[in-house]
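None of the figures in this text is laboratory data; all of them are computed from the coordinates on show. Note that this is a predicted model, so its numbers are computed, not measured. Note that each Cβ is placed from the backbone with ideal geometry, even for glycine, and that neighbours are counted across all protein chains shown.
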Amino acid sequence: MKTKLPISILTILILSFLLISCEDFVEVDSPNNKLIRDEVFGSDETAISAMQGIYNELFVADFSGGYTRSVTFLSGLSADNIQNITTTNPERMAFEENELFPDNQNNLALWSSAYNIIYMANSYIEGIENAENLSPDLISQLNGEAKFIRAFTYFYLVNLYEEVPLILSTNYQNNELAPRVSASEIYKQIIDDLEIARESLTVEYRNADRTQVNKFAATALLARVYLYLKDWEKAEELSSQVIAEESLYELPDDLDEVFLANSREAIWQISPLGNGSIVTHTNEGNLFIIDPFFSFFAIAKLPESLLTDFRPEDKRLLNWIDYNASRDAYFPYKYKIRNSSELPILENSMVLRLAEQFLIRSEARTELNDLPGAKEDLDQIRTRAGLDPISEIFPELSKAQLLKEIAQERRRELFSEWGHRWLDLKRTERASTVLGNSNPTWEDTDVLYPIPAQERMKNPNLSQNPGY
């Protein structure tokens, strides 16, 4: 009879296996590591628990957690969608002013926390691919989930820093001196991982919970990747596959339903349970909502330029933006809960959602000269927001004008989510035009963040981005 491990011992084993520091690349003796790996992948229960540990880490990790050192916040500051309320934090102001230096600790947190997630994913992939006691279907599913997370993380690294080290194993001797590789090589790996994920993952969400990825999460992210690579046919094809899955996804008419846990619009979310059962609110809600009684703690607000982008009747202005009189500040109100420790969880952090897929397809169709189809997709977003269809008010819109409308709609729809505005300005080569007009110190090289100085001290093979 096989004895089950106590939960406390199981947790220690999983953490020992997955949370070896990727910053120091500490060598682990092979026999001990093999014993840990045998336990972690010795049963369905422990293998699934280890995968859940990676999902949980995404809520805690700086780059993905949605708090002050996240892509959402820092890249929002770098663009024109979020502002600091005060100027007393120079490291955060550096992002808003596009005056980053290589020793910025927030930038280091972005980089190192992303690579920690990659290291965990690599460790898991190595373990699951050599598992002997698991069913082939479970191995395929969990391998697909881990490769999705690795691809997802590299997507942000390549878009924030461009050339970065491509780390695909836990071999510390190779990793500690790994040089940067081209963006095209990083994108190739992202596509390879996502294609494997698409083949391996099921349509259904494991445990019916959208905080675990499925086939369409991989498809949605791949559609975005091809949009960034200007492969319009692939972007249209893949976004269409997600949009067509009406049994799973729809655009709720009520905007207050969009960011609820397991909402019908959600393709993938991150659960607050990653921080344990102490808190059940999202980090984004805690960061952005200005408490009416403790407003002096507030650190972020929405800029005037974003607010004036909305028409007065736009439901997103009414439902997703609120105002604090004591700070004279408008703030994102997509998440309605600032603090909570109660179950059940009402809101998860949104990562991928259906509205973005309509916007991806609209842009791809425009580039493919299918302007009627592009307008139809754009109007899905506009009419939900209570706006007149673009096909009615501007029936003769040119291709260039329609692309401009799509860009503005992306700003209005996706503000305060995962740095979309920053990445959009960069990929469409509009960053210098848009941000340079309001920032006298702007330089074209500011579109890339610097490689952290601390990482270059540890790894002399890391070159620096231009301008730093």
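Annotations
- Student exercise, segment 314-468 dipole from Lys, Arg, Asp, Glu Cβ charges, in Debye to nearest 20: 380 debye
- P(r), alpha carbons of the chain - 10 Å bins starting at zero, rounded %: 4, 20, 31, 28, 14, 4, 0, 0
- Distance in nm between pseudo-label sites at Phe293 and Asp44 (7 Å out along the Cβ direction from Cα): 4.8 nm
- For Thr88, Thr211, order by how many other beta-carbon atoms lie within 10 Å, fewest first: Thr88, Thr211
- Of every Cα-Cα pair in segment 339-468, the percent that sits beyond 25 Å: 46 percent
- The GluC sites (Glu not before Pro) of segment 211-273 meeting both criteria, a DSSP state outside H, G, I, E and B (loop) and at most 14 other C-beta atoms within 10 angstrom of the site's C-beta, are Glu246, Glu250.
- Equivalent-ellipsoid semi-axes of segment 349-418, from the Cα gyration tensor, Å, largest first: 20, 13, 10
- Qualifying GluC sites (Glu not before Pro) in segment 351-431, where qualification requires a DSSP coil assignment and no more than 15 other C-beta atoms within 10 Å, comprise Glu396, Glu429.
- Set of lysines near Lys147 by C-alpha distance (under 20 Å), chain-local residues within fewer than 8 positions excluded: Lys188, Lys215
- Available extension along the chain between Ser184 and Ser391 is 70.8 nm, counting 0.36 nm per residue and deducting the alpha carbon span.
- Dividing the radius of gyration of the alpha carbons in segment 30-173 by their Kirkwood radius gives 1.07 for Rg/Rh.
- Distance between the 7 Å Cα→Cβ label points at Gln173 and Arg311: 6.5 nm.
- Listed residues Ile117, Ile196, Tyr323: farthest to the positive end of the dipole of the chain (Cβ charges): Tyr323
- Full-extension gain in nm, Asn84 to Glu233, via 0.36 nm per residue minus C-alpha separation: 49.7 nm
- Rounded, prolate or oblate (a/c below 1.5 giving rounded, otherwise prolate when a/b exceeds b/c) for segment 113-239 by Cα gyration tensor: oblate
- Dipole of the chain, positive direction: furthest Cα of Leu346, Asn104, Gln408, with charges on the beta-carbon: Asn104
- Check: the chain dipole with +1 on Lys, Arg Cβ and -1 on Asp, Glu Cβ, in debye: 420 debye
- Between Ser398 and Asp253, the C-beta separation translates, for a Förster distance of 35 Å, into a calculated FRET efficiency of about 0.65.
- The angle separating the long axis of helix 215-228 from the principal Cα axis of greatest extent in the chain is about 60 degrees.
- Centroid-to-centroid separation of segment 271-304 and segment 84-144 [C-alpha atoms, Å]: 21 Å
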